[in-house]
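Report on the structure given below.
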Amino acid sequence: MKHILHLLGLVILLALPQGARAQAQYWLQIEAQPTLREAEDRARAWSALFPDVAGFGLGAGWYALTLGPHLDRDAAQERLVQLKREGLIPRDSYVTDNRALRDPFWPVGLGLTQPETAAPEAQPVTVPEVQTEVLPDAQPEPEAEAAAQPAPDVVPEPAVIEETLAEARAAEARLDRDQRMELQTALQWFGFYNARIDGAFGAGTRKSMADWQTANGLEPTGVLTTMQRETLVAAHQQAQAELGLQTVTEEEAGIEITLPTALVEFDHYEPPFAHFREKNGSGVRVILISEPGDQSTLYGLYDVLQTLEVVPLSGERSRAERSFTIDGRNGKVASHTYAELSKGLIKGYMLIWDPAKDQQMGRVLAAMQASFRSVGDKALDPGLVPLSDDSRRSLMAGLEVRRPELSRTGFYVDGSGAVLTTREAVEGCNRITLDLRSDATVVFSDAATGLALLKPAKPLSPPAVAELLTGPARPGQEVAVSGYSYEDTLPAPTLTFGSLEDMKGLDGEAGIARLSLPALPGDAGGPVLDGAGTVIGMLLPRDTAGSRRLPDSVTYAAQAATIAARLTEAGVTPHASARSGALAPEDLNRMARGMTVLVSCW
């Protein structure tokens, strides 16, 4: 009976003249849904709790669920506060009036109102016969049943008349600063506004309003009507509720940031990370970064993070003096990482998601970027949880590290960063990197000489460029190979000392030099230096395919003359050495490190 009376009351109210209804009705908007079916399902559920549930179209494909109507705004506000206090309605519910509500769809039968015609005064209202809800045992007359069914091709007119531009401007002028900022935030959330949230409606905000109107099939005036504003804000509130966006202050890490708490939840600490795992199978993860350090620590973190499986190789990278950004993407995972250095503390975050959710996660990322800040003067304590020495040294506890298939050595041969290496280092690679940071492409790869030349994707500024020997080398002299003996395990090359035995192979091969030097596989491709720092050759990999096994101390190198000729053919002018005299060991080591490059095959 209550539902019948409520329905009759709504029919009467909606039959009133437009002006009377605009002043008389206030509603508690408790929810909005993007489809009519979802809205009807939710209305049915809410009706089990409240007898006065009503549903209306909002436009732009959204449907509002409300409680009411109330004839007094203060009474509606009082009920809103009470229901929120009791936890019976969502915390983002609010009071609205009938100007924001269009076609009614709930209760069933409410949408039967016909288009209004202008009249100078209110006409008497005739309450319909009890056909609005038929009891199970009642049999309606055939004529009445047919009359109760609307024609399938009749679309009800909107229940309210849209504001004129002048009325919209006047209504907008009554907004306070918080309401204006809320509107800018909603426009930003849906990708129409990218400036500062300040509550000032300048040219940028006007353009974003017009863009939103265009996207929703409305006249792009740049001024939102009351109904358009409430539709936009309601959609924003609903989207935020679905993601559970909340400002989280992580005390241990000293970070404040907005997180999608409906998608992630705190898991554990493993300094320098605070892990937030996926929630309800969302496929989303967040990692907060927090540790003490300096610029070297920041740069080291930048390098190491790019070896993680959750940081795919494809994507933009940017490193500044006191911050860095890493975007990674492949078919299975996408991630965005940001970290900054301030006052001896490194703070940052990583968002990881399924690329299929790009649109949704783009909004989450925008919220995280806008809200992220370091709080307090502390970072995660390395002793917060017990870690093994290996985990602490790697800084990657709890994360799977991606490793290259193979790493060898190379060295710079010109000022733009071209690198000479061994052919072995570039065979069958999907991707080649220099020092695990810069992508490179193969200019040539020769089976005859064993040489390969790489060009970086972006020009580099090498600390040192190899200077090649132009005359004959002297057998018996001491030489050193600069190489990544242990591949990508160590962050810098090492010098391995030996001697030049002959300027030909054991079988008399020309163009190569024979060394007595205990090299490791990772050293292949490294420069062979004399005491003055001149490059007399490039170390070749040990031949393990033949039937003859040479002693471990016997190695071969491509001679400088062979290198110079092949570089010239490729359009690279080799640097000729004019050095004489021996360098101090520390100077030789510094020069060698400046020209030596880690070449990795992925």
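The values are calculated or read from the model by the stated rules, or taken from the named source; none is laboratory data. Since the structure is predicted, the reported quantities are computational estimates derived from the model, not experimental observations. No Cβ is skipped: glycine too gets one built from the backbone with ideal geometry, and neighbour counts run over all protein chains shown.
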ask   = If you check Asp552 against the conditions, is it surrounded by 24 or more Cβ atoms within 10 Å (Cβ to Cβ), of a type outside the set (Ser, Thr, Tyr) and over 17 Å from Met503 (Cα atoms)?
value = no
query = Only one residue in Gly428, Gly483 is touching a helix residue (DSSP H, G or I) at 6+ places or on another chain (Cβ under 7 Å) and assigned by TED's automatic domain parsing to the domain that holds Arg514, so which one is that?
reply = Gly483
query = Filter the range 198-212 for residues that are in contact with a helix residue (DSSP H, G or I) (Cβ under 9 Å, 6 or more places away or on another chain) and aliphatic (A, V, I, L, M); which is farthest from Val223 (Cα to Cα)?
reply = Ala200
inquiry  = Given the options Thr214, Thr225, name the one that is farther than 30 Å from Tyr302 by Cα and surrounded by 21 or more Cβ atoms within 10 Å (Cβ to Cβ).
reply    = Thr225
inquiry  = Restricting to the range 261-295, count the residues that are more than 23 Å from Asp354 (Cα to Cα) and assigned to a loop (DSSP other than H, G, I, E, B).
reply    = 4
message = Given the criterion within 26 Å of Leu224 (Cβ to Cβ) and without any contact (Cβ under 8 Å) to a residue 60 or more places away in the chain, identify the matching residue among Leu83, Leu71, Leu67.
response = Leu67
task = Tell me the strands (runs of 3 or more DSSP E) entirely within the range 484-573 that contain at least 3 residues that are of a type in the set (A, V, I, L, M, F, W, C) and under 23 Å from Thr470 (Cβ atoms).
result = 512-516, 535-539
query = Among all residue pairs at least 6 apart or on different chains, which show Cβ distances below 6 Å where the first residue, located in the range 451-466, is assigned by TED's automatic domain parsing to the domain that holds Arg317 and crowded, with 21+ Cβ neighbours inside 10 Å and the second is modelled with pLDDT under 95 and not in a loop (DSSP other than H, G, I, E, B)?
reply = none
message = Looking at the range 364-379, I want the residues that are modelled with pLDDT of 90 or more and have a partner that is in a helix (DSSP H, G or I) with Cβ atoms under 6 Å, at least 6 apart or on another chain. Which pairs are those?
response = none
request  = Could you list, in sequence order, all residues of the range 386-407 that are surrounded by 13 or more Cβ atoms within 10 Å (Cβ to Cβ) and either under 16 Å from Lys347 (Cα atoms) or modelled with pLDDT under 60 (or both)?
outcome  = Leu387, Ser391, Arg392, Ser394, Leu395, Met396, Ala397, Gly398
task = Residue by residue through the range 310-329, note down the ones that are in contact (Cβ under 8 Å) with a residue 12 or more places away in the chain and in a strand (DSSP E or B).
result = Arg317, Arg319, Ser323, Phe324, Thr325, Ile326, Asp327, Gly328, Arg329
message = If I filter the range 344-362 for residues that are at pLDDT 90 or above, part of a loop (DSSP other than H, G, I, E, B) and more than 20 Å from Ala239 (Cβ to Cβ), do I get at least one hit?
response = yes
task = Kindly indicate the residue of the range 242-267 that is under 20 Å from the mean Cα position of the chain (by Cα) and of a type in the set (Gly, Ala, Ser) and also modelled with the highest pLDDT among those meeting that condition.
result = Ala262
The range 294-329, residues that are modelled with pLDDT of 90 or more and exposed (fewer than 14 other Cβ atoms within 10 Å of the Cβ) = Asp294, Gln295, Glu316, Ser318, Ala320, Glu321, Arg322
note = Of the candidates Thr66, Thr35, the one satisfying the condition of being exposed (fewer than 13 other Cβ atoms within 10 Å of the Cβ) and closer than 30 Å to Gly217 by Cα is Thr35
ask   = Which members of the range 456-483 meet the condition of being of a type in the set (A, V, I, L, M, F, W, C) and outside any loop (DSSP other than H, G, I, E, B)?
value = Leu468, Val479, Ala480, Val481
Within the range 21-33, tally of residues that are over 19 Å from Gln82 (Cβ atoms) and at pLDDT 85 or above = 2
